[in-house]
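K.L.:
Below you will find the structure I want to go over with you.
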Amino acid sequence: MTTYSSKTVVCAYCGKETEVTEINSTNAFGPCDLDLRPPRMQRSTIHVTLQVCPHCGYAASDLEKTPENLEKFLNIFPTLPKGKDIVAHYCLAGDIWRLVDEDHDRAFGMYLRGAWCADDLGAPDRAKELRLLVIEEARHLLAAPPPPTPDFLLRISDIARRAMEFDYANSLLKQAKDLSPQGFVAKVIDLEQKLVDAKDTACHRVDEVEQ
Ligand SMILES: [Zn+2]
């Protein structure tokens, strides 16, 4: 089971106190989605893995910290948009990592969590919008060393499929296959290829591979 606790923190952006919820422990049962969204119970902790200040709208994994380059942060974000829900909060957190730190890996993670939250809210247009941002960050990651693994190419392919970017999904699957993946990864790539060919945009899990 998942256990939570709360504590008072001082927001690093506005200096006001707010209460945040923290996860003490959680666990995951069952197979993950093809884009590596974890199974329950960990799946349901997504609403507390981001801390949000109700006073100024700042959203970060740790509200008490700002990006290292504070001057750049304040220049880009002289005020913060007050997000109306968890999707907008994850989007802001991703924007901060992308624009201030230029940390594409962390921006990728924030936007993807935003897309998952949009899925949970039944908001496909917003989920697609967030996935397109994830794909932009993935392009940066794929262009930087080291060369991508078949697993990573497969993951991005799944995110592209969910965003209806089928040509891009196909090109990533081809790159993954060119690396001659073996075993379970090869089977999941076959599954992903079938889904892309069928232009299926639904969520699928790794346990759907043909045994
Ligand atoms: Zn604040």
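The values are calculated or read from the model by the stated rules, or taken from the named source; none is laboratory data. Please read all numbers here as calculations on a predicted model, not as lab measurements. Note that each Cβ is placed from the backbone with ideal geometry, even for glycine, and that neighbours are counted across all protein chains shown.
K.L.:
Would you point out which residue out of Val87, Val100, Val9 is part of a strand (DSSP E or B) and either in contact with a helix residue (DSSP H, G or I) (Cβ under 9 Å, 6 or more places away or on another chain) or assigned by TED's automatic domain parsing to the domain that holds Glu129 (or both)? So that I can check it myself, show each step before the final result.
P.N.:
Details: Val87 fails: part of a strand (DSSP E or B); Val100 fails: part of a strand (DSSP E or B).
After applying the criteria, what remains is Val9.
K.L.:
Limited to region 35-59, what total is found for residues that are in a loop (DSSP other than H, G, I, E, B) and within 16 Å of the ligand (Cβ to nearest atom)? Full working, then the answer.
P.N.:
Within region 35-59, the first condition is being in a loop (DSSP other than H, G, I, E, B), and the residues that meet it are 35-40, 46-50, 53-58.
When the remaining residues are screened for being within 16 Å of the ligand (Cβ to nearest atom), the result is 50, 53-58.
Residues flagged as in a loop (DSSP other than H, G, I, E, B) and within 16 Å of the ligand (Cβ to nearest atom) within region 35-59 amount to 7.
K.L.:
For region 164-184, which residues satisfy the criterion of being under 22 Å from Pro31 (Cβ atoms) and buried (at least 16 other Cβ atoms within 10 Å of the Cβ)?
P.N.:
Of all residues in region 164-184, those under 22 Å from Pro31 (Cβ atoms) come to 169, 172-173, 176, 181-184.
If the condition is that a residue be under 22 Å from Pro31 (Cβ atoms) and buried (at least 16 other Cβ atoms within 10 Å of the Cβ), then Ala169, Leu172, Leu173, Ala176, Pro181 are the ones that fit.
K.L.:
Related question: When you scan region 172-185, do you find a residue that is under 19 Å from the mean Cα position of the chain (by Cα), of a type outside the set (Val, Ile, Thr) and not in a loop (DSSP other than H, G, I, E, B), even just one? Let's see the steps before the verdict.
P.N.:
So in region 172-185, the residues under 19 Å from the mean Cα position of the chain (by Cα) come out as 172.
In the following step, the residues that additionally are of a type outside the set (Val, Ile, Thr) were identified as 172.
This time we only want the ones that are not in a loop (DSSP other than H, G, I, E, B), so: 172.
Checked against the condition, which is being under 19 Å from the mean Cα position of the chain (by Cα), of a type outside the set (Val, Ile, Thr) and not in a loop (DSSP other than H, G, I, E, B), region 172-185 yields at least one hit.
K.L.:
Related question: Can you run down the residue pairs with Cβ atoms below 7 Å, 6 or more apart or on separate chains, where the first is in region 122-135 and of a type in the set (Gly, Ala, Ser) and modelled with pLDDT of 95 or more and the partner is surrounded by fewer than 21 Cβ atoms within 10 Å (Cβ to Cβ) and part of a helix (DSSP H, G or I)?
P.N.:
Ala127/Asp119
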